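J.: Let me give you the structure first, and then I'll get to my questions.
The values are calculated or read from the model by the stated rules, or taken from the named source; none is laboratory data. Just so it is clear, the model here is predicted, and its values are computed rather than measured. Cβ placement follows ideal geometry from the backbone for every residue including glycine, while neighbour counts extend to all protein chains displayed.
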């Protein structure tokens with residue numbers, strides 16, 4: 001075979017490979033971002049107190065904001081729930097009440113005459129429940145498959161300083177699947193910091209969580225966390241925990257809950273002083289979420305792990321993020337996290353604190 005023929009064959013193979021990679025990328029985007037191909041198929045009606053009328057697909061009520069997708073706006077439009085006069089929809093939704101109750105059914109909001117009116121109607125399994133609309137905390141979609149039921153966000157940020165050639169890259173993602181009886185979540189955060197002529201540091205933290213809803217505002221929680229931190233000489237810390245939790249505050253704009261239980265940890269360090277450890281710990285935690293219409297969200301999580309098998313040792317982890325709303329489900333985010341260990345190996349640091357900023361997208 002001539003060199004020209006071999007060159008043409010190589011070119012064809014490269015072109016075919018690029019086409020296959022492009023097709024695979026498009027398929028992945030279609031799978032991960034099902035909302036991108038969503039169309040307005042229903043004629044749900046929302047009437048505002050000032051007389052404005054919108055028609056389309058009601059997506060959800062979250063944090064005091066009712067989202068509707070219409071044919072004449074790009075993406076979902078957020079409406080202040082307090083200013084909504086009337087809602088009509090034929091779709092099935094998951095509804096969470098202020099008292100912790102969870103229902104699945106069709107919804108309707110009637111014009112309110114007084115503050116005490118039972119102006120919200122839920123039609124579930126042949127029965128009709130009427131309650132004040134102020135008792136509604138959350139309305140979520142009841143989708144036909146697993147992927148469309150997922151909700152979460154993807155965030156990324158980076159910075160570069162020319163004076164010392166320092167580069168920082170932060171990437172994080174999270175997803176949650178919610179049903180009437182339980183919810184499951186997953187998150188992953190990765191931070192890389194490199195500087196010319198100096199050592200590079202990286203941190204990866206993956207977390208899985210599960211909550212089984214009990215009566216009213218209580219729940220059982222399971223937690224699995226996998227942390228790598230080069231700054232703390234930590235190859236991998238695996239934490240498996242479980243506990244009982246309860247909401248102290250639950251409203252359309254603020255959630256506060258506590259959890260208490262126990263945990264098992266397996267730690268592997270890259271030091272000769274303490275290469276591996278297994279411990280049992282108590283688990284105490286607080287989780288706080290606050291939302292403001294047309295501004296953004298604040299999320300804060302604090303876990304304290306007092307040592308049981310290693311008495312006197314205390315670990316503390318916290319993750320906090322502020323999201324400022326932009327357009328079309330995009331947001332600007334600022335995150336702060338910290339890992340503290342009162343008794344690390346002799347050559348490892350007790351504390352690792354990080355702050356990052358970037359842009360994210362909610363799906």
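J.: Counting only residues that are more than 30 Å from residue 69 (Cβ to Cβ) and outside any strand (DSSP E or B), how many does the range 312-350 have?
T.: 11
J.: Can you find a residue that is assigned to a strand (DSSP E or B), crowded, with 18+ Cβ neighbours inside 10 Å and at pLDDT 90 or above anywhere in the range 302-311?
T.: Let us first name the residues in the range 302-311 that are assigned to a strand (DSSP E or B), namely 302-307.
So of that shortlist, the ones also crowded, with 18+ Cβ neighbours inside 10 Å come out as 303, 305.
Filter again for at pLDDT 90 or above, leaving 303, 305.
The answer is yes; a qualifying residue exists.
J.: Something else about it: Which one of the conditions (1) free of Cβ contacts under 8 Å to residues at least 60 places away in the same chain; (2) farther than 22 Å from residue 354 by Cα; (3) surrounded by 15 or more Cβ atoms within 10 Å (Cβ to Cβ) does residue 253 fail to meet, given that it meets all the rest?
T.: Every condition holds for residue 253 apart from (1).
J.: Shifting gears a bit: Taking strands (runs of 3 or more DSSP E) that do not extend beyond the range 46-90, which have at least 3 residues that are farther than 23 Å from residue 295 by Cβ? Before the answer, list the steps.
T.: Numbers: elements: 53-62, 65-69, 76-80, 84-88.
Once the strands (runs of 3 or more DSSP E) in the range 46-90 are filtered for at least 3 residues that are farther than 23 Å from residue 295 by Cβ, what remains is 53-62, 84-88.
J.: From the list 177, 247, 210, which residue is touching a helix residue (DSSP H, G or I) at 6+ places or on another chain (Cβ under 9 Å) and surrounded by 15 or more Cβ atoms within 10 Å (Cβ to Cβ)?
T.: 177
J.: Identify all residues within the range 93-118 that are touching a strand residue (DSSP E or B) at 6+ places or on another chain (Cβ under 6 Å), over 19 Å from residue 63 (Cβ atoms) and either assigned to a loop (DSSP other than H, G, I, E, B) or not assigned by TED's automatic domain parsing to the domain that holds residue 138 (or both); write none if there are none.
T.: Scanning the range 93-118 gives 111, 118.
J.: Over 30 Å from the mean Cα position of the chain (by Cα), crowded, with 20+ Cβ neighbours inside 10 Å and at pLDDT 85 or above, is that true of residue 52?
T.: Criteria not met by residue 52.
J.: Of everything in the range 172-191, what is free of Cβ contacts under 8 Å to residues at least 40 places away in the same chain and more than 18 Å from residue 218 (Cα to Cα)? Give them in sequence order.
T.: Result: 173, 174, 175, 176, 177, 186, 187, 188, 190.
J.: Could I ask something else about it? Return the residues of the range 57-72 that are surrounded by fewer than 21 Cβ atoms within 10 Å (Cβ to Cβ) and either in contact (Cβ under 8 Å) with a residue 12 or more places away in the chain or at positive phi (or both); say none if nothing qualifies.
T.: Residues satisfying the conditions are 57, 60, 62, 64, 65, 67, 70, 71.
J.: Going by what's in this entry, would residue 294 be described as under 26 Å from the mean Cα position of the chain (by Cα) and either in contact (Cβ under 8 Å) with a residue 40 or more places away in the chain or not in a strand (DSSP E or B) (or both)? Give the steps one after another, and end with the answer.
T.: Working: under 26 Å from the mean Cα position of the chain (by Cα): yes; either in contact (Cβ under 8 Å) with a residue 40 or more places away in the chain or not in a strand (DSSP E or B) (or both): yes.
When the stated conditions are applied, residue 294 passes them.
J.: Within the bounds of the range 74-86, is there any residue that is surrounded by 12 or more Cβ atoms within 10 Å (Cβ to Cβ), closer than 16 Å to residue 142 by Cα and modelled with pLDDT of 90 or more?
T.: No, because not a single residue in the range 74-86 is surrounded by 12 or more Cβ atoms within 10 Å (Cβ to Cβ), closer than 16 Å to residue 142 by Cα and modelled with pLDDT of 90 or more.
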